[in-house]
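**Q** The structure under discussion is supplied below as structure tokens; questions concerning it will follow.
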Amino acid sequence: MSTETLAPSSAELIAQELEADIIFGHLRPHQELIEDTLMARFDAKRHAVRAAIQELVARQIVVKPRSRSARVKDFSAQEVEELYHLRALLQKEAVSIMPFPVSEADLDALKTLHIQYAAAASVGADPRLIHQFNDEFHRQIFALCGNETLCKAIAFYTEASNPIRSYGMTDRQWLEQAIAEHAAMVNAIEQEDRATLAHLVVAHMQPTRRRWESMRGLS
């Protein structure tokens, strides 16, 4: 069997671009995704655009009402509360079963990612690069728990919250706070301080949520 890595399909690439537009606020809640417009933008066939939209629907960041155009998902206050409550439960569970001490190799990899994230965030690098380092940093933290199914659930609901996380994702004050909190997480892991780490992984989610609620008049 060949082990050659397959290149992403056109539908996957379109989905990646649209998700980035949502994350960085170029597409906002309720904004329609018109198939003809997307076909022209990406020079793509209709089936590829539809497949990309269906992928975003599966990720719960786009909705497709019957007989209407797809649109970026909006959230009610109750939906946000439930989503963030679930994320908190999953992330605290990952911390609770994380074996300490972690290996030196895992700790070094986490420190390297933190340095890369801090460097990119500090100099105002491409927001996509900052977002990539941020997500990989958190992915590696939760991977330390050793439960692959739990990690997949954390990743799924983190991605589902991207339309909310986009509010403040590139805000300078938030980036400085995120850098400090990432450093504190690494230190908590190194010091085997489970209680502090459990607190941090939940508190870290709140600033962008509060900004979203404020901008939507829900705070």
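Only the coordinates and a few stated rules stand behind these numbers; no lab work does. All values derive from a computational prediction rather than experimental measurement. Cβ atoms come from the backbone with ideal geometry, glycine included; neighbour counts cover every protein chain shown.
**Q** Under a straight-distance cross-link criterion of Cα-Cα below 22 Å, which lysines are reachable from residue 73, leaving out those fewer than 8 residues away in the same chain?
**A** Result set, ordered by chain and number: 64, 152.
**Q** In square nanometres, what is one fourth of the surface area of the convex hull spanned by the alpha carbons of segment 65-142? Walk me through the intermediate numbers first.
**A** Working: hull surface 32.4 nm².
Directional mean of the projected Cα hull area for segment 65-142 stands at 8.1 nm².
**Q** What is segment 77-215's relative contact order, in percent, from Cα pairs under 8 angstrom and six or more apart in sequence? Don't jump to the answer; show the numbers that get you there.
**A** On the way: 111 pairs, mean separation 51.2, N = 139.
With pairs under 8 Å counted, the relative contact order is 37 percent.
**Q** Across the Cα atoms of segment 10-72, what radius of gyration and what greatest pairwise Cα-Cα distance (Dmax) are found, in Å?
**A** 10.4, 28
**Q** For residue 19, what is the net charge nearby, where nearby means another residue's Cβ is under 11 Å from its Cβ and Lys, Arg count +1, Asp, Glu -1? List each step's numbers first, then the result.
**A** Values: positive: 59, 128; negative: 12, 17, 21, 55, 159.
That works out to -3.
**Q** Restricting attention to segment 154-219, which GluC sites (Glu not before Pro) occupy a DSSP loop and are surrounded by at most 16 other Cβ atoms within 10 Å?
**A** Values: sites: 159, 176, 181, 190, 192, 213; in loops: 192.
Filter output for segment 154-219: 192.
**Q** Would you calculate the separation in nanometres between label points at residue 37 and residue 103, each defined as 7 Å from the Cα along the Cα-to-beta-carbon direction?
**A** According to this spin-label approximation, the distance is 4.8 nm.
**Q** Bin all alpha-carbon pair distances of segment 77-215 at 5 Å intervals from 0 and give each bin's fraction as a whole percent.
**A** 2, 10, 21, 24, 22, 15, 6, 1, 0
**Q** Here is a follow-up. Can you tell me how much longer the chain between residue 132 and residue 173 gets when fully stretched, taken as 0.36 nm per residue apart minus their C-alpha distance, in nm with one decimal?
**A** Details: separation 41, 0.36 × 41 = 14.76 nm, distance 1.88 nm.
The residue 132-residue 173 span can extend by a further 12.9 nm.
**Q** A further question follows. Using the C-alpha gyration tensor of segment 1-128, what are the square roots of 5 times its eigenvalues, in whole angstrom, with the largest one first? Spell out each step's value before the answer.
**A** Details: eigenvalues 214, 97, 58 Å².
So the equivalent ellipsoid measures 33, 22, 17 Å along its semi-axes.
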